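**Q** Here it is, the structure, as structure tokens.
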Amino acid sequence: MKKMKSKKLLAIALTATMVAQPLGAQSVFAYENAISAQQVVSQSTTMLHDGTAIIPSDASLDQVREILGKALLTNPDQQNLQSLEWEYECEGKSSTGVLKNTAWGSIEGFTSQTGNWVKTDYTHPSLAKNSDGSYKIRLKGSTEEVTLTKAKKLTSAITLKDDATANLVYNDDGSVNYDAVR
């Protein structure tokens, strides 16, 4: 009788363990899925796209970060734009100005070096001081590149017609009648 009770007790404990085991695994999988979902959300908060921006040559680093964030991020209002570190690819010049080297570096400006035996240093200007044009931009530590078009002024869809004329209405004294023109 005791043997039978212990077998039943052992069977009940084994059954309970087998029933509870998948629940624990499900909670582990749910936790892992929740973590990966959070990672996807955090990655999507820094999604980049191509853009155009006006960057004055005397802009401070904080201003450039703000401009880049608004021009290149899909959701700049959900980011701390000052905490983002940007890099761009640009051409640097040697001290003589004859040799050139294209490299990635900080938007603040940077130096690069080439050569094994004879080393050549190149100076790369800051993004603000660089000329207008298209530049590859990325966040530091990332490989996702986008194109920034740096411009002095934005383009407009408004075009002016050649040889356009406007008729003005004159008063008897020769002055323009602006009320009639409106």
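The values are calculated or read from the model by the stated rules, or taken from the named source; none is laboratory data. A quick note: this is a predicted structure, and the numbers were derived from the prediction, not measured. Using ideal geometry, Cβ is built from the backbone for each residue, glycine included, and neighbour counts are taken over all protein chains shown. Keep in mind that these areas ignore ligands, DNA and RNA; they rest on the heavy atoms of the full protein, side chains included. Shrake-Rupley method; radii C 1.70, N 1.55, O 1.52, S 1.80 Å.
**Q** Using 23 Å as the Cα-Cα cut-off, could you pick out the over-long pairs in Lys70/Lys136; Lys119/Lys140; Lys100/Lys152; Lys100/Lys129; Lys100/Lys153? Write out the running numbers ahead of the final one.
**A** Details: Lys70/Lys136 16 Å; Lys119/Lys140 26 Å; Lys100/Lys152 25 Å; Lys100/Lys129 17 Å; Lys100/Lys153 28 Å.
Result: Lys119/Lys140; Lys100/Lys152; Lys100/Lys153 exceed 23 Å.
**Q** Now for a separate question. Let's test the formula: R0 of 30 Å, r as the Cβ-Cβ distance of Lys100 and Asp77. What FRET efficiency results, to the nearest 0.05?
**A** The formula returns an efficiency of 0.20 here.
**Q** Which of Gly109, Asn167, Ser131 sits farthest toward the positive end of the charge dipole of the stretch 87-176, with +1 on the Cβ of Lys and Arg and -1 on the Cβ of Asp and Glu?
**A** In the stretch 87-176, that residue is Gly109.
**Q** Measure off 7 Å from each Cα along the Cα-to-Cβ vector at Ser134 and Ser156, then give the distance between these two points in nanometres to one decimal.
**A** Inter-label distance under the simple model: 2.5 nm.
**Q** Take each of the peptides 164-170, 134-140, 148-154, average the number of other beta-carbon atoms within 10 Å over its residues, and list them starting from the highest.
**A** 134-140, 148-154, 164-170
**Q** Once amide H atoms are placed 1.01 Å from N in the peptide plane, what residues at a sequence separation of 5 or more from Ile55, or on another chain, have their amide H within under 5 Å of its amide H?
**A** Hits under the 5 Å cutoff: Ala151.
**Q** Heavy atoms only, 1.4 Å probe, whole protein assembly: order Met18, Met47 by accessible area, highest first. Please list the in-between numbers first.
**A** Working: Met18 120, Met47 95 Å².
Ranked list, largest accessible area first: Met18, Met47.
**Q** Still on this structure: At 1.4 Å probe size, what's the solvent-accessible area of Ser60? Round to the nearest 10 Å².
**A** Per-residue accessible area (Ser60): approximately 50 Å².
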